[in-house]
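Each value in this text was obtained by applying a stated rule to the coordinates, not by laboratory testing. Predicted, not measured: the structure shown is a model, and the values here were computed from it. Here the Cβ positions follow ideal geometry from the backbone for every residue, glycine too, while neighbour counts run over all protein chains shown.
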Amino acid sequence: MIRFVTPFALSALIAMPAFAGAYQDAEAQLRKAYGDYRAALFLSNQGKQPETKAALDRFVGEWQTLSDAWTAEPPPQYADDAVLGATFDKVSELAAKAEEEVAAGNLPEAHETLEGVRDSIGDLHIRNGIVGFSDRMNAYHAEMEEVLARDYAGMGGEGARQLIADASLLSYLAAQIVKHPAPEAETDMAYQKLVDGFAVSVAFFYDAAMAGDMERAMEMRNALKPSYSKLFAKFG
């Protein structure tokens with residue numbers, strides 16, 4: 001079945017207006033903690049046990065600080081979130097489980113456990129109508145994983161149509177990322193190179209799909225995850 005952009009996918013990617021003060025401070029705190037989580041997720045996938053442990057330890061400490069502060073006085077954007085406490089508890093449980101798995105040397109299991117943290121923090125934003133750079137990266141990631149797993153050649157004539165639909169959606173999601181840069185984009189010289197490499201990989205895949213060149217599209221598909229992963233590891 002051909003998949004199209006759903007109304008939810010479109011509405012979820014509308015940019016939030018910029019707010020000052022407590023709102024921005026809270027999002028900056030969350031993004032800092034998420035950065036160490038992201039490092040732990042990435043490093044666990046590479047099988048780097050000591051580095052994963054260090055990043056995870058940092059995240060656990062920062063998450064506990066957030067939990068204590070926001071439980072006492074939630075930021076304005078989360079003040080009416082009835083399950084904010086449950087989110088803190090869930091993420092803490094997942095992080096504790098991942099710590100045990102890392103200590104036992106079970107890096108693949110830890111990586112899978114840590115994927116749940118991304119979902120929980122993403123759900124926190126969705127519930128409260130917030131969309132940031134990481135949310136757009138996660139929306140792209142979810143679709144990319146489906147594209148990577150799809151057997152287009154085995155779908156017969158439907159495969160070419162599905163490929164075009166999928167490439168179009170990936171192109172749209174990638175454009176949202178490019179259009180709304182990471183907060184560090186202006187201060188970190190690495191950003192532009194990584195986002196350009198990411199955008200080019202998506203464009204090559206899209207162009208091959210639109211041209212009906214299945215073989216070329218499958219070749220270009222292989223470049224999607226590496227370029228995404230580099231951007232995610234640093235800024236996602």
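Modelled this way, with points 7 Å down the Cα-to-C-beta line, the labels at Glu146 and Ala103 are 3.9 nm from one another.
Counting 0.36 nm for each residue step from Val200 to Ala22 and taking away their Cα separation leaves a gain of 60.4 nm.
Over segment 89-178, calculate the relative contact order: mean separation of alpha carbon pairs under 8 Å at least 6 apart, over the residue count, as a percent. Relative contact order for segment 89-178 comes out at 22 percent.
How large is the Kirkwood hydrodynamic radius of segment 102-153, counting all unique pairs of alpha carbons, in Å?
On the way: mean 1/r = 0.0776 Å⁻¹.
By the Kirkwood definition, the hydrodynamic radius is 12.9 Å.
Protection proxy ranking, highest mean first, for peptides 92-103, 186-197: 92-103, 186-197, where packing is the per-residue count of other beta-carbon atoms within 10 Å, averaged.
When the alpha carbon gyration tensor of segment 72-112 is reduced to an equivalent ellipsoid, the three semi-axes, largest first, read 30, 8, 7 Å.
Peptides 81-90, 153-162 ranked from most to least packed give 81-90, 153-162, packing being the mean of other C-beta atoms within 10 angstrom over each peptide's residues. Only helical runs count toward this figure. For the chain, summing -39,500 (n - 2.57) over DSSP H runs of n ≥ 4 and dividing by all residues gives -25000 deg cm²/dmol at 222 nm. At full extension, Ala175 and Thr65 could sit 36.1 nm farther apart than now, given 0.36 nm per residue minus the alpha carbon distance. Only helices reaching 18 angstrom along their own axis (Cα) with mean Kyte-Doolittle hydropathy no lower than 1.0 count here, and not one DSSP H run of the chain does. Residue separation of Thr187 and Glu158 scaled by 0.36 nm, minus their Cα-Cα distance, works out to 5.9 nm of gained length. Which whole-number percent of Cα pairs in segment 34-111 have a distance greater than 15 Å? Counting pairs separated by more than 15 Å, the tail of P(r) holds 55 percent.
Kirkwood radius for segment 151-236, taken over all pairs of different Cα atoms as the inverse mean of 1/r, rounds to 13.5 Å. With Cα atoms as the point set, segment 25-165 shows a radius of gyration and Dmax of 17.5, 58 Å.
The listed peptides 70-80, 28-38, 213-223, ordered by packing as a protection proxy, come out as 28-38, 213-223, 70-80 (highest mean of other Cβ atoms within 10 Å first). Computed over the chain, the percent of Cα pairs more than 31 Å apart is 27.
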